[in-house]
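> What follows is a single structure, and I will ask about it in a moment.
The values are calculated or read from the model by the stated rules, or taken from the named source; none is laboratory data. None of these values were measured; they are calculated from a predicted model. Note that we place each Cβ from the backbone using ideal geometry, even for glycine, and neighbour counts take in every protein chain shown.
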Amino acid sequence: MFVVLLGPPGAGKGTQAQALSKQLGIPHVATGDLFREAVANQTRLGRLAQPYLERGELVPDEITIGLVREQLERSASRRGVLLDGFPRTVEQARGLSALLTELGKRVNIVLRLSVPSDELVRRLSQRWTCRQCGAVYQLRAGPPDAAGTCGACRGELYQRTDDTPEVVRRRLQVYFERTDPLVSFYRQAGFLVDINGDQEVNAVTDEILRALNQRRLVNPMTLDGHSGSAKRSLGGAARKPATPRG
Ligand code: AMP
């Protein structure tokens, strides 16, 4: 199943993709994470991408599509992928369709997470990320306790350098100019489902799972690692299992 998570910075795409990846057993591919890793390692790609990331601008389409091509060609991606932060332009969306067609696949669903702008700014300014496992925390007064470590894996928490107010403003502007047009692009194609991202993390995940179930993209019986409420809200044992596609 090939799922696109669409939404502005701070909408919760990464958090949802991590949860869904565990439950659906398909990899989470976040172009932002791949670029940040390349920058940290100062690879050729990293040196190319760094100035764009620092300014909150988009890395050119050709480079980004090339990066996603490498990911989709990996064997772990054959059964499907959760794409987080890609595509971000109409050109990238066309590139993605072409890549998937080559692999005999297609986009199955586009989940658009919506959150009011003031809430996005609040979330981004309070966002701390674990360097090790990528878990995201909202910490109003900075990391608690002396170590400021991740509750899940004890990794170090850090604040992204592009979460400063000035760069956040630019990233939101870029989102509305370059990425928001994808909403009508995918709506017209019949792939778009609107998800209310302004809820508790688990409630958002449940809404997404219901949308996948409605489209017969998941089998409620085989979902892993969730509270059980998702299975119940999907009809659990009572419903005839849907056949996974994609
Ligand atoms: P993110 O972690 O998704 O917020 O992405 C962080 C930064 O990586 C963005 O501000 C861009 O500079 C770059 N980036 C991530 N994904 C893309 C993409 N699909 N196209 C172009 N640039 C991207």
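> Being more than 13 Å from the ligand (Cβ to nearest atom), touching a residue at least 40 places away in the same chain (Cβ under 8 Å) and crowded, with 21+ Cβ neighbours inside 10 Å narrows it down to one residue among Leu111, Leu100; which is it?
Leu111
> Oh, and also: So, Glu102, is that one farther than 21 Å from Gly12 by Cα and at pLDDT below 95 or not?
Answer is yes for this residue.
> Restricting the first residue to segment 62-86 and requiring it to be under 18 Å from Val4 (Cβ atoms), which pairs with a second residue that is of a type in the set (Phe, Trp, Tyr) and outside any helix (DSSP H, G or I) meet a Cβ separation below 8 Å and a spacing of at least six or different chains?
Thr64/Phe86; Val68/Phe86; Gly80/Phe2; Val81/Phe2; Leu83/Phe2
> A further question on this structure: In segment 66-80, is there at least one residue being buried (at least 20 other Cβ atoms within 10 Å of the Cβ) and within 7 Å of the ligand (Cβ to nearest atom)?
The answer is no; no qualifying residue exists.
> Test of understanding: among Leu120, Leu111, which residue is outside any helix (DSSP H, G or I), of a type outside the set (Ser, Thr, Tyr) and at pLDDT 90 or above?
When all the criteria are applied, what remains is Leu111.
> Within segment 15-35, work out how many residues are touching a residue at least 60 places away in the same chain (Cβ under 8 Å) and either more than 7 Å from the ligand (Cβ to nearest atom) or among the aromatic types (Phe, Trp, Tyr) (or both).
11
> Go through segment 42-61 and report how many residues are touching a residue at least 24 places away in the same chain (Cβ under 8 Å) and either hydrophobic (A, V, I, L, M, F, W, C) or away from the ligand (no atom under 12 Å from the Cβ) (or both).
Of the residues in segment 42-61, 3 are touching a residue at least 24 places away in the same chain (Cβ under 8 Å) and either hydrophobic (A, V, I, L, M, F, W, C) or away from the ligand (no atom under 12 Å from the Cβ) (or both).
> Collect the residues in segment 172-205 that are touching a residue at least 60 places away in the same chain (Cβ under 8 Å) and among the hydroxyl-bearing types (Ser, Thr, Tyr), keeping them in residue-number order.
Tyr175, Thr179, Tyr186, Thr205
> Okay, next question. Yes or no: Val39 more than 11 Å from the ligand (Cβ to nearest atom) and surrounded by 13 or more Cβ atoms within 10 Å (Cβ to Cβ)?
For Val39, the condition - more than 11 Å from the ligand (Cβ to nearest atom) and surrounded by 13 or more Cβ atoms within 10 Å (Cβ to Cβ) - is not met.
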